[in-house]
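Right, one structure below, let's go through it.
The values are calculated or read from the model by the stated rules, or taken from the named source; none is laboratory data. Remember, it's a predicted structure, so these values are computed and weren't measured experimentally. Here Cβ is always computed from backbone atoms with ideal geometry, including for glycine, and neighbour counts include all displayed protein chains.
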Protein chains: 2
Amino acid sequence: MKIEAEWMRGGTSKCWVFETAHLEQTQTSPDVLLPRLFGSPDHRQIDGVGGATSTTSKAMILNRPFGGEVDVEFTFAQVGIEEAAVDWGSNCGNCSAVVGLYAIEKGWVAPDGDVTRIVTRNTNTGQIIIQRVATPSGALPIMPQAHMPGVPFPGHQVGLGFQDPAGKTTGRLLPTGSASDTITAGGTRWTVSMVDAGAPVVILRAEELGLDPERHESWFGGVELQLEILDRIRREAAVRMGLAATAGEAARAVPKVAIVAPPARSDRDSDVNVMMLSMGKPHPALAITGSIALTLAARTPGTVLNDFMGGNIHPTLRLRTPAGVIETWSEERDGSQFVGVDRTARTIASTTIHLPEDVDSTVGASFAGATN
Amino acid sequence: MKIEAEWMRGGTSKCWVFETAHLEQTQTSPDVLLPRLFGSPDHRQIDGVGGATSTTSKAMILNRPFGGEVDVEFTFAQVGIEEAAVDWGSNCGNCSAVVGLYAIEKGWVAPDGDVTRIVTRNTNTGQIIIQRVATPSGALPIMPQAHMPGVPFPGHQVGLGFQDPAGKTTGRLLPTGSASDTITAGGTRWTVSMVDAGAPVVILRAEELGLDPERHESWFGGVELQLEILDRIRREAAVRMGLAATAGEAARAVPKVAIVAPPARSDRDSDVNVMMLSMGKPHPALAITGSIALTLAARTPGTVLNDFMGGNIHPTLRLRTPAGVIETWSEERDGSQFVGVDRTARTIASTTIHLPEDVDSTVGASFAGATN
């Protein structure tokens, strides 16, 4: 048996893109089928299409809903490597960037003007994401030339607009009711902003930590040296945001921590310097969820980030990360708020995957369940 | 522009398989084209088909010669990851295993009986390799069931027979003229066999090193503890084999070192235990070149390996390696000697790779040069 799939780069991830109907034809649960196609369980994924890393063992399952305003529904699958299992628990911002491009390349959506708008819905989270794919003069460019940090080759420009992302976890953009608060940890008082958009994030000023982004060693090395106090601040913030009853019970990944500083005087390409912590370590770039929280924080008067902007509100925010400058944008439209980030995407290969016929056959019913 | 390619697993490698004519249509040198298709230079190869490891950044270029006895000529390309460069200097035994299967799947060679024989020639080394692909009842099995160490899923059985591999480096199977010799190193006299087939190898008895394969910790840990004396023996062997003028000048990789022991009493599945050193470290399995030298050593009266076989000569040799049992075979036919090893192979996906059109265009002439 054979299965059609497009192999696409979305942002800094490689994603295998399937259509629901093609997977259903196999009469096999995707919880069984995808690991086998990817070569799992095997730390090298040597007998399958998986790339043996978390950012290259990803699948997207696309579906065209009948009627309604959504052009494409998509489900993200994080395919296990050493385990023959699929994690359906979250979406991937990078892989999300392939959906609009796929829809245009397959003729699901006709290019419309210089930028084609595709309404997509992620089924893992229920999040509506409006995608804007660059189609100058009404066509995908033959030689796409858009660049982004972390990818050495160009691709198609794709804007991802997250609809009404604020308060998805706590119910409010500012869970404490204040744009900035004081947290006491390690005998010191810290001025922070606690924001819930995309994901809960606690934002600190680099200056209070004695960090200076203009001195590279201080910026990187200094964060590494203060991981313990940063974690105490983070745990205290978890309690204040209503995410944990006590600091000791705070989850390891929530809230995220962002350390911000004004841009260097010589830096005219960014509005803010940011270093993010992910699972207790400095992130090499910036998770898309984190960039959305920072974007709304920058727009909110009184946050530590809005202070850097001189209190001004711009439709775009340029974040200087360790990997380069990432630009986000926000807008109000049709009574909703959209916060977005630009990625690039490209189809690497059109493929027919050969499915060994010894995959356990299970009923298609569990397929539908897994993607809803 | 688009390029057809099959993505195949050969042994424990993943290989991208191209046809010469398809690559020539691009009018681009493969030294430029392959790195771009693979996403190099980039340590993650995130924008291309490469897998960001040495065993998954490999290409094979296949060609059907006009007339003659060779069915398929093939060129192996080790595609750089952090460098946009191709290394054409050697062949890959694992990727070699895809050639016969490809020829049958594409109809270049018709299946013939239970085992189909394909004559292949590697252009990197000039080595003729006879491939024997299992085709029970004259057809490729729909559900191939052959297994091999290091690969958790089954594939097609492929036998690789290296024609006349003896003495390729030194001119003789036994460079010293003796099946076994005594080397003095570290104040001790060691009985070794020095063999040149596939690659030059010096073979030692585990017993003389105080190693016992039946005691797992002794076998692994003991080798690690004796790397210094093993290197002294290896360097002395390099001089005796005529590979270096002095021990100090011996190359780091030549000869290879193999430590052999009789199989455990309870082990009825192997003829010999072997631990190989590669670049000064224990190898997790066994290089194909090393397995060929051991096979001819086992067939040669008087070697330390032949002693284990009770002096008998079998057409097959079962080597117990850290990754499992690898079986080799040897035969005389048509005045040549063939030494072989079985691998498994499988086509993972049939693909059309999308080639971004900003690849430097260079003249096709350099393509022909690179593959000869």
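Listed here are the residues, each with its yes/no results for (1) aliphatic (A, V, I, L, M); (2) in contact with an Asp or Glu (Cβ under 9 Å, 6 or more places away or on another chain).
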{"residue": "B:Lys168", "(1), (2)": "no, yes"}
{"residue": "B:Arg172", "(1), (2)": "no, yes"}
{"residue": "B:Thr176", "(1), (2)": "no, no"}
{"residue": "B:Thr182", "(1), (2)": "no, no"}
{"residue": "B:Met194", "(1), (2)": "yes, yes"}
{"residue": "B:Gly198", "(1), (2)": "no, no"}
{"residue": "B:Arg205", "(1), (2)": "no, yes"}
{"residue": "B:Leu209", "(1), (2)": "yes, no"}
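For B:Ile3, the conditions (1) more than 26 Å from the chain's Cα centre (by Cα); (2) within 25 Å of B:Ile288 (Cβ to Cβ) all hold with the exception of (2). A search for C-beta distances below 7 Å between a residue of region A:262-286 that is within 19 Å of A:Asp231 (Cα to Cα) and any residue that is aliphatic (A, V, I, L, M) and in a loop (DSSP other than H, G, I, E, B), counting only pairs 6+ apart in sequence or on different chains, returns A:Val274/A:Leu286; A:Met276/A:Leu286; A:Met276/A:Ala287; A:Ser278/A:Ala287; A:Met279/A:Ala253; A:Pro284/A:Ala323. Scanning region A:195-232 for residues that are over 18 Å from A:Lys256 (Cβ atoms) and crowded, with 21+ Cβ neighbours inside 10 Å turns up just one, A:Pro213. The condition of being modelled with pLDDT under 80 and outside the structural domain of B:Asn122 (by TED's automatic domain parsing) holds for only one of B:Ser361, B:Ser278, that being B:Ser278.
Each row is one residue, and each column tells you yes or no for (1) modelled with pLDDT under 95; (2) within 14 Å of chain B (Cβ to nearest Cβ); (3) within 30 Å of A:Asp231 (Cβ to Cβ).
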site	(1), (2), (3)
A:Pro136	no, no, no
A:Ala139	no, no, no
A:Pro175	no, no, yes
A:Arg189	no, no, yes
A:Ala199	yes, no, yes
A:Glu207	yes, no, yes
A:Pro213	yes, no, yes
A:Trp219	yes, no, yes
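Of the helices (runs of 4 or more DSSP H) lying entirely inside region A:17-103, the ones with 1 or more residues being within 11 Å of chain B (Cβ to nearest Cβ) and under 19 Å from A:Ile129 (Cα atoms) are found at A:93-96. From the list B:Asp164, B:Asp114, the lone residue that is over 20 Å from B:Ala197 (Cβ atoms) and either of a type in the set (D, E, K, R) or within 14 Å of the chain's Cα centre (by Cα) (or both) is B:Asp114. Scanning region B:170-187 turns up at least one residue that is of a type in the set (S, T, N, Q), surrounded by fewer than 20 Cβ atoms within 10 Å (Cβ to Cβ) and without any contact (Cβ under 8 Å) to a residue 40 or more places away in the chain. Only residues that are surrounded by fewer than 18 Cβ atoms within 10 Å (Cβ to Cβ) and modelled with pLDDT of 90 or more were counted across region B:160-169, and they come to 2. In the set (1) modelled with pLDDT of 90 or more; (2) of a type outside the set (Ser, Thr, Tyr); (3) surrounded by 17 or more Cβ atoms within 10 Å (Cβ to Cβ); (4) not in a helix (DSSP H, G or I), B:Arg235 fails one condition alone, (4). Filtered by the rule that a residue be buried (at least 22 other Cβ atoms within 10 Å of the Cβ) and hydroxyl-bearing (Ser, Thr, Tyr), region A:30-69 gives A:Ser40, A:Thr56, A:Ser57. Pairing each residue of region A:113-129 that is within 12 Å of A:Ser96 (Cα to Cα) with any residue that is surrounded by fewer than 21 Cβ atoms within 10 Å (Cβ to Cβ) and aromatic (Phe, Trp, Tyr), provided the two are 6+ apart or on different chains, yields C-beta distances under 8 Å for A:Asn124/A:Trp88. Looking at A:Thr120, A:Thr125, just one residue is closer than 25 Å to A:Glu73 by Cα and either modelled with pLDDT of 95 or more or outside any loop (DSSP other than H, G, I, E, B) (or both), and that residue is A:Thr120.
Just to check your reading of the model, which residue among A:Lys58, A:Lys106 is over 24 Å from A:Gly167 (Cα atoms), in contact with a Cys (Cβ under 7 Å, 6 or more places away or on another chain) and not β-branched (Val, Ile, Thr)?
Numbers: A:Lys106 fails: in contact with a Cys (Cβ under 7 Å, 6 or more places away or on another chain).
So the residue among A:Lys58, A:Lys106 that is over 24 Å from A:Gly167 (Cα atoms), in contact with a Cys (Cβ under 7 Å, 6 or more places away or on another chain) and not β-branched (Val, Ile, Thr) is A:Lys58.
Taken across region A:283-297, residues that are polar (S, T, N, Q) and more than 16 Å from A:Arg343 (Cβ to Cβ) do not occur at all.
Consider region A:104-117. How many of its residues are in a helix (DSSP H, G or I) and on the phi > 0 side of the Ramachandran plot? First the steps, then the outcome.
Just the residues of region A:104-117 that are in a helix (DSSP H, G or I), to begin with: A:104-105.
Retained after the next criterion (residues that are on the phi > 0 side of the Ramachandran plot): none.
Result for region A:104-117: 0.
Taking region A:146-173 on its own, how many of its residues are in a loop (DSSP other than H, G, I, E, B) and within 14 Å of another protein chain (Cβ to nearest Cβ)? Qualifying residue count for the region: 2.
For A:Ile292, the stated conditions do not hold, so it cannot be described as free of Cβ contacts under 8 Å to residues at least 60 places away in the same chain, at negative phi and not in a strand (DSSP E or B). Residues of region A:128-145 that are part of a strand (DSSP E or B) and more than 19 Å from A:Ile326 (Cα to Cα): A:Ile128 alone. Going through (1) more than 14 Å from the chain's Cα centre (by Cα); (2) modelled with pLDDT of 90 or more one by one, B:Val341 falls short only on (1). Of the residues making up region B:222-281, those that are touching a Gly at 6+ places or on another chain (Cβ under 9 Å), under 24 Å from B:Val325 (Cβ atoms) and of a type outside the set (Val, Ile, Thr) are B:Gly222, B:Leu230, B:Lys256, B:Ala258, B:Met276, B:Ser278.
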